[in-house]
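Remarks on the structure that follows.
The values are calculated or read from the model by the stated rules, or taken from the named source; none is laboratory data. Worth saying up front: this structure is predicted, and the values here are computed from it rather than measured. Ideal geometry is used to build each Cβ from the backbone, glycine not excepted, and the neighbour counts take in all protein chains shown. Areas reflect the complete protein model, heavy atoms only, side chains present, ligands, DNA and RNA absent. Shrake-Rupley method; radii C 1.70, N 1.55, O 1.52, S 1.80 Å.
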Amino acid sequence: MHTPQNLKMALLVISFLTGLSLLYKAIPVSKNLDDFYAEEMYLVTYRYYFKNNDGNTTIKTYLPKNNSRQRISAEETGIKKGIQFERLAKDGNLMGVWTANKPNVFQNVDYQFMYEGKATQFHIPQNFKSTLEVAHPYLNETEHIQAFHPKISQKARELVLGSRSDLESIQRLFNFVHAIPSAPIISFTDALTTLEQNRASCNGKSRLLVALARNLGYPSRIKGGILLEHVRKRTSHAWVEILVNDQWVPFDALNGHFAYLPSNFLELYAGDEFLLVHTAGVQLDYTYEIKELDKIPFLSMNSEQFSNISPFSLWGLVEQKVLPKKGLNLLLLLPIGGLLVAFLRNVVGLKTFGVFLPVLIAMALMETGFAQGILLFLGLIMFVGLVAHPFNRMGLLQTPKMVISLTLMVLVMAVGSYLGVKTGIAWLTSLTIFPTIILTISAERFTTLIQEDGFQKASSTLLQTLMAVSVCYYVIANEWLPTVLILFPEILIWVIMLSIVLGKYIGLRWTEVLRFNPLLTPKSV
Amino acid sequence: MLGRFFKIGPNSEVVGLNDRNLNLIYPNNPRKHYALADDKVKSKEILHKNHIACAETYAVINRVSEIKRTWNSCKQYDALAIKPANGCGGNGIKILRKGLHGTWVSGNKMIRDQQVAQHIMSIISGVYSMGSTDSCLIEECIVPHPFFGEIYGTGVPDFRIITLKHKPVLAMLRMPTSKSDGKANLHQKGVGIGIDINQGTLTQVFDGKRYLDHHPDNPQTITGKIIPYWNELIEISKATAKAFPLDYLGIDLVIDETKGPQVMEVNVRPGLGIQLVNKIGLRKAIALVEEQQSKYVPIRKLSRYKESPILRPAANN
């Protein structure tokens with residue numbers, strides 16, 4: 001069949017124009033590529049309002065520094081007439097000091113910076129250097145961290161009794177402190193008080209964890225900062241760092257982060273300090289104003305800067321909250337996944353359950369995690385297939401049978417979620433409505449296929465579907481892919497073009513090359 | 001070998017699924033007419049109307065209320081087959097024979113009237129047709145010609161003839177084996193036997209992996225064995241192809257002991273395994289058929305196969 005010439009021309013022109021538009025945007029973008037790969041971006045403002053009757057006011061606070069997981073830029077110190085600002089390095093931390101000396105007036109200071117951060121998971125070896133013998137500054141007892149109080153010593157010994165490695169010991173200390181019920185910050189809680197009253201905020205828990213660790217010879221310290229979220233807040237946050245083979249590894253016993261720091265943890269200082277210190281007798285109010293910005297992960301620019309290059313992108317949809325970012329991501333990934341499946345079916349020759357089902361399963365795996373998801377998927381399909389078997393033999397109609405499968409799936413998932421909560425296995429609880437429906441449809445296809453083609457062929461199709469799912473997952477789980485699609489929606493036009501090419505493909509499928517091999521091998525006449 | 005995986009154009013001889021769909025099925029078989037082949041009741045109507053030999057239809061049941069009366073009227077026959085009109089893979093088909101004292105036997109078991117009625121009911125309610133309601137076909141039971149028994153005695157064998165624009169291009173004989181549970185399907189461990197269309201003889205047996213010169217359950221060689229009624233089988237398949245508004249068909253036929261060649265059913269998406277059975281690609285087979293009809297095409301000029309006029313769809317299809 002011949003595509004009408006003018007339609008062909010039109011398609012070529014459209015491809016060319018979208019290509020131009022892509023290029024026009026890609027050139028400035030390529031100059032701004034960034035290898036920091038921050039996951040989140042915030043604009044943080046410390047706001048201070050103060051008045052001092054006798055005129056001499058000093059405000060001291062910790063300023064952020066760059067490190068491997070956070071990047072600070074666009075700093076504005078808030079200097080203005082009558083207010084001096086000075087940076088001060090102290091114990092490895094950086095302090096900002098503002099001094100004002102006008103008496104009896106309300107004044108304000110706004111200190112502002114841009115934060116970009118990424119989550120970091122630290123690896124801890126089973127055993128690491130112990131520094132029990134050496135006098136180490138991070139093994140000392142302090143006023144609020146009573147590391148060698150008999151009660152702390154007893155608890156520490158009790159906790160690590162029978163532990164076979166340093167990692168296990170740290171894990172036990174952490175679990176113990178994590179399990180202490182959390183309480184709002186009302187009064188100052190030191191390590192001992194936290195242990196005795198079995199209730200504490202982040203500060204008390206951190207002090208207790210440090211005390212226990214130091215008691216056992218693990219150098220450790222308090223770490224202070226702010227948990228960034230899109231709000232105004234006044235609370236800072238404290239967590240713990242333990243020295244593991246010359247590396248400080250973070251532990252947040254309040255939020256349960258073990259050797260892990262999420263991307264929104266702004267690190268400010270190390271040590272058992274207060275974030276804000278000011279001269280006595282000053283009337284002072286403060287707030288941390290935090291604004292979340294849309295971060296383009298691989299670019300050193302934010303969405304606003306990108307919009308200046310070219311207004312033609314889908315950021316508008318995200319910014320004006322037309323669509324939630326996650327929903328938009330999934331929507332944009334669908335055509336890409338579809339094209340992949342089309343390729344796998346028509347060129348490679350895989351047999352899959354339906355066309356879009358592998359893409360949808362891959363998307364469901366993004367919520368559950370790949371390995372667990374695949375196991376869960378197989379387990380549930382087998383289970384539901386097995387349980388539904390007696391119903392199939394009753395000779396029921398298709399639709400009511402499907403309702404039975406769906407109900408079974410929901411019941412299994414409810415039980416799974418319950419067990420997940422009880423045992424603390426997170427992925428068991430990750431089954432929401434979207435994966436449930438997809439799993440049910442897959443299970444149904446599988447059981448139908450068993451009836452039509454027998455178990456062996458159905459399993460083979462299931463296996464091929466899983467192969468397609470893995471390929472799809474490998475591609476669409478890339479974090480940068482949805483962002484690229486948001487920035488360059490022209491790519492979707494190219495998906496259409498590629499589909500046209502694929503739709504005209506009449507070569508043998510790869511599986512057919514194998515199947516028809518006897519006919520393809522030239523005969524030796 | 002590796003080069004074959006990345007070859008983009010059509011293979012010059014062998015037809016793959018992409019090629020079949022784009023160049024054989026889509027241009028030749030309009031989708032609106034699929035039902036004429038897929039629905040056995042509809043295809044039999046067309047066959048009867050065109051006086052093409054096929055199993056006599058005893059009754060068609062569409063409603064539950066008709067079951068009892070229709071079944072009673074069918075009791076006059078000695079043997080019959082009950083089929084779902086839209087079944088697939090042979091599911092739901094029951095062959096019944098009269099036993100002693102007016103009882104009915106299915107397989108080796110006695111079957112009561114109530115069980116027959118129940119089976120018909122489940123056919124009508126769509127158990128074998130994936131959800132939609134269906135009709136139940138009750139027809140004459142075909143007794144296979146002794147020719148089949150000489151190769152392998154049990155199960156239901158059939159011929160498959162592929163026609164393109166009313167011309168038979170490839171044919172094979174499908175036979176059950178001791179491992180295939182009475183079914184002749186290649187996927188279900190049946191065997192395919194290649195046929196020389198011009199001579200009407202059997203060529204070789206293909207069991208899915210190897211080529212043999214005999215049926216796996218019978219040591220007697222079949223190569224060169226003459227098929228009875230071959231000319232009639234070809235004529236019937238041509239007539240069937242003309243009777244349907246579908247230009248690319250897989251026609252299944254069988255030879256009845258007394259009534260001779262009969263059409264069993266018609267397929268709009270015939271499988272491609274027939275190429276392996278006959279050791280020849282479909283494009284090549286099509287070109288060979290053309291060669292016989294037109295003296296102007298030089299023999300075995302493979303490069304011409306792509307431009308084959310028979311492959312080009314008619315101007316106003």
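Quick notes
- Subset of region B:59-114 that is assigned to a helix (DSSP H, G or I) and small (G, A, S) - its residue that is nearest to the other protein chains (Cβ to nearest Cβ): B:S65
- Condition met for B:K295 (open to solvent by 90 Å² or more (accessible area, probe 1.4 Å), away from every other protein chain (no Cβ under 14 Å), at pLDDT below 90 and over 25 Å from B:A53 (Cβ atoms)): yes
- Residue match in region B:92-108 (condition: hydroxyl-bearing (S, T, Y), under 28 Å from B:G190 (Cβ atoms) and open to solvent by less than 60 Å² (accessible area, probe 1.4 Å)): yes
- Candidates A:F455, A:F446, filtered to the one that is more than 14 Å from chain B (Cβ to nearest Cβ) and over 24 Å from A:K25 (Cβ atoms): A:F446
- Within region B:118-146, considering residues that are within 14 Å of chain A (Cβ to nearest Cβ) and touching a Phe, Trp or Tyr at 6+ places or on another chain (Cβ under 8 Å), the one farthest from B:I226 (Cα to Cα): B:S122
- Hits in region A:462-497 - residues which are of a type in the set (V, I, T) and either open to solvent by less than 50 Å² (accessible area, probe 1.4 Å) or more than 19 Å from A:A362 (Cβ to Cβ) (or both): A:T465, A:V469, A:V475, A:I476, A:T483, A:V484, A:I486, A:I491, A:I493, A:V495, A:I496
- Of all the criteria given as (1) within 14 Å of chain A (Cβ to nearest Cβ); (2) open to solvent by 10 Å² or more (accessible area, probe 1.4 Å), the one not satisfied by B:I197 is (1).
- Among the criteria (1) closer than 30 Å to A:F306 by Cβ; (2) of a type outside the set (D, E); (3) within 14 Å of chain B (Cβ to nearest Cβ), the one A:W494 does not fulfil is (3).
- Residue in region B:112-129 that is open to solvent by 20 Å² or more (accessible area, probe 1.4 Å) and aromatic (F, W, Y) present: yes
- Residue check for A:A238: assigned to a helix (DSSP H, G or I) and either in contact with a helix residue (DSSP H, G or I) (Cβ under 7 Å, 6 or more places away or on another chain) or open to solvent by less than 10 Å² (accessible area, probe 1.4 Å) (or both): no
- Among the residues listed as A:F343, A:F383, the single one being open to solvent by 70 Å² or more (accessible area, probe 1.4 Å), at pLDDT 80 or above and of a type outside the set (K, R): A:F343
- Residue count for region A:176-199, restricted to those that are touching a Pro at 6+ places or on another chain (Cβ under 8 Å) and either outside the structural domain of A:L139 (by TED's automatic domain parsing) or closer than 23 Å to A:L275 by Cα (or both): 1
- The number of residues in region A:407-436 being modelled with pLDDT of 75 or more and out of contact with any helix residue (DSSP H, G or I) (no Cβ under 8 Å at 6 or more places or on another chain) comes to 7.
- Scanning region A:58-79 turns up one or more residues that are within 21 Å of A:N308 (Cα to Cα) and open to solvent by less than 70 Å² (accessible area, probe 1.4 Å).
- The lone exception for B:R160 - which of (1) open to solvent by 10 Å² or more (accessible area, probe 1.4 Å); (2) assigned to a loop (DSSP other than H, G, I, E, B) it fails: (2)
- Looking at region A:403-506, the helices (runs of 4 or more DSSP H) lying wholly inside it that each contain 1 or more residues that are of a type in the set (F, W, Y) and assigned by TED's automatic domain parsing to the domain that holds A:A364 sit at A:433-476, A:480-487.
- Selection status of A:I500, more than 26 Å from A:G373 (Cβ to Cβ), surrounded by fewer than 20 Cβ atoms within 10 Å (Cβ to Cβ) and away from chain B (no Cβ under 14 Å): no
- Test: residue in region A:98-106 that is open to solvent by less than 20 Å² (accessible area, probe 1.4 Å) and aromatic (F, W, Y): yes
- Scanning region A:19-42 turns up no residue that is closer than 30 Å to A:R172 by Cβ and exposed (fewer than 11 other Cβ atoms within 10 Å of the Cβ).
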